[in-house]
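Each remark here refers to the structure printed beneath this line.
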Amino acid sequence: MYHHFSVFKNESKLDLNYIPTRLPHRKFQRTLLNQFFRFTVENPGEMTQRVLITGNVGTGKTVLSQHFGLDITKEAEKKEINLNYIHVNCRECRGSLFMILQRALLNFHPHFPKRGYSAEEILQILIQILDEQNAYLILAIDELETLIQIGGSDTLYKLTRVQEARLKAPQRLSLICILREPRYLNKLDSSTRSTLQRNIIRLDEYSTSQLQDILKDRVDLAFKHETVSTSTLHFIAELASSENGDARYGIELLWRAGKYADASELSEVSPECVRKAVASVYPLVQKDVVFSLSSHEKLFLLSLARCFKHSKAAYLSMGEAEQAYAVVCEEYNEKKRGHTQLWKYIKELSALGIIKTELSSFGQRGKTTYISLPRVPALDLEQELAKILSTENRRSNTHAD
Ligand SMILES: Nc1ncnc2c1ncn2[C@@H]1O[C@H](COP(=O)(O)OP(=O)(O)O)[C@@H](O)[C@H]1O
Ligand SMILES: [Mg+2]
């Protein structure tokens, strides 16, 4: 069978569950997490810890915690300490403390009966097993919102109480709580809240250049050499940055764009592939928005669409745009509008979210305004505009008759 060239060399590195060895721009937070849990490999049993990780979607909360979990358990193993890291997602457990604890328990006791116990009982059994096996557990409770919302405010309290009730015995259970919105903390009892607030790791949204570093690592791992250009990479990073610095969105775009490149049998991921990827995640720019543009705005947008359709670059300079617009005006027998007017169109079109502009010194070129088409595949836009413009033309011709 004939196999076309693929831009990928290892797609699994773009899997959202993949834990990379490097976490660019999270070094400080990663070290902090280690420091909070130093005791687990130095003098386990002496104390427990509760840490809170907060940050918006795609700021790396989950991956940070898992990365830590992998490392710390490896270190413990070398020291022959039976330390376990278990990561449970409250949303997947439908906000039920019972299910969360059951998952933790199944890790130690795969055949534990699934029914017949309350959450409190399972918690007791879990601690008992930890005692029996002289084991320690760091339980990471991800998407804690769901637990607080559904399980109620005292569920976490139960988890923390279980340690406090056995002061003389070794401390075995530590918690990492992962939460998007710190305001959910207000729903907790004051003692749980204040412990969590003491050990808080806040993850800020990634900037474009930070996202570019993160994505660059994934490009090197997942794609063949020279299939993703720096310009395309920057384009994706910028798109993810405008989606609140969401690294997940960036990785998803990268993967989808690669898929589109393969589907179109390209040897490189083009900006058009990225736009198709964006359009497949979100709806296209709405047709009625395009329809309501003035006729010269349409002509201008048509010229941009034509440039982007063939261009390997994700960005177009103002000069290139003006030239293309002149060509389109000639074709449609229209007198072209001046420079100032074009600036107004650009402002209008970016306000509508159809194009994006950036004052940039990107690449080797000097500082000018660059235009990109972030959301809609150029080919779709061109066809749509050509259709609308030809109907308008026909109409005005009939009027003239
Ligand atoms: N600093 C980073 N370095 C490498 N990959 C990262 C980094 N931050 C996030 N990611 C990746 O981005 C995606 C989203 O991260 P995730 O931890 O799921 O975010 P959150 O849990 O905050 O929503 C994951 O695929 C993750 O591996
Ligand atoms: Mg997460």
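So the values come out like this:
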| quantity | calculated |
| --- | --- |
| Options Tyr136, Tyr184; residue that is aromatic (Phe, Trp, Tyr) and within 16 Å of ligand 1 (Cβ to nearest atom) | Tyr184 |
| Residue within segment 129-144 that is within 27 Å of Glu243 (Cβ to Cβ), in contact (Cβ under 8 Å) with a residue 60 or more places away in the chain, within 16 Å of ligand 2 (Cβ to nearest atom) and of a type in the set (D, E, K, R) present | yes |
| Criterion (touching a His at 6+ places or on another chain (Cβ under 6 Å) and of a type in the set (D, E, K, R)) met by exactly one of Glu265, Glu272 | Glu265 |
| Some residue of segment 166-176 being surrounded by fewer than 14 Cβ atoms within 10 Å (Cβ to Cβ) and either within 16 Å of ligand 2 (Cβ to nearest atom) or without any contact (Cβ under 8 Å) to a residue 24 or more places away in the chain (or both) | yes |
| Filter result for Ile148 (out of contact with any Asp or Glu (no Cβ under 9 Å at 6 or more places or on another chain) and free of Cβ contacts under 8 Å to residues at least 60 places away in the same chain) | yes |
| Selection within segment 28-71 - more than 16 Å from ligand 1 (Cβ to nearest atom), within 21 Å of Tyr184 (Cβ to Cβ) and modelled with pLDDT under 95 | Gln49, Arg50 |
| Residue in segment 3-23 that is away from ligand 2 (no atom under 16 Å from the Cβ), in the same structural domain as Ile176 (by TED's automatic domain parsing) and modelled with pLDDT under 95 present | no |
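Yes/no per residue for (1) in a helix (DSSP H, G or I); (2) modelled with pLDDT of 95 or more; (3) surrounded by 19 or more Cβ atoms within 10 Å (Cβ to Cβ):
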position: His234; (1), (2), (3): yes, yes, yes
position: Glu252; (1), (2), (3): yes, no, yes
position: Ala261; (1), (2), (3): yes, yes, yes
position: Val285; (1), (2), (3): no, no, yes
position: Leu302; (1), (2), (3): yes, yes, yes
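The values are calculated or read from the model by the stated rules, or taken from the named source; none is laboratory data. Source: prediction; values computed, not measured. Positions of Cβ are backbone-derived with ideal geometry, glycine not excepted, and every protein chain shown enters the neighbour counts.
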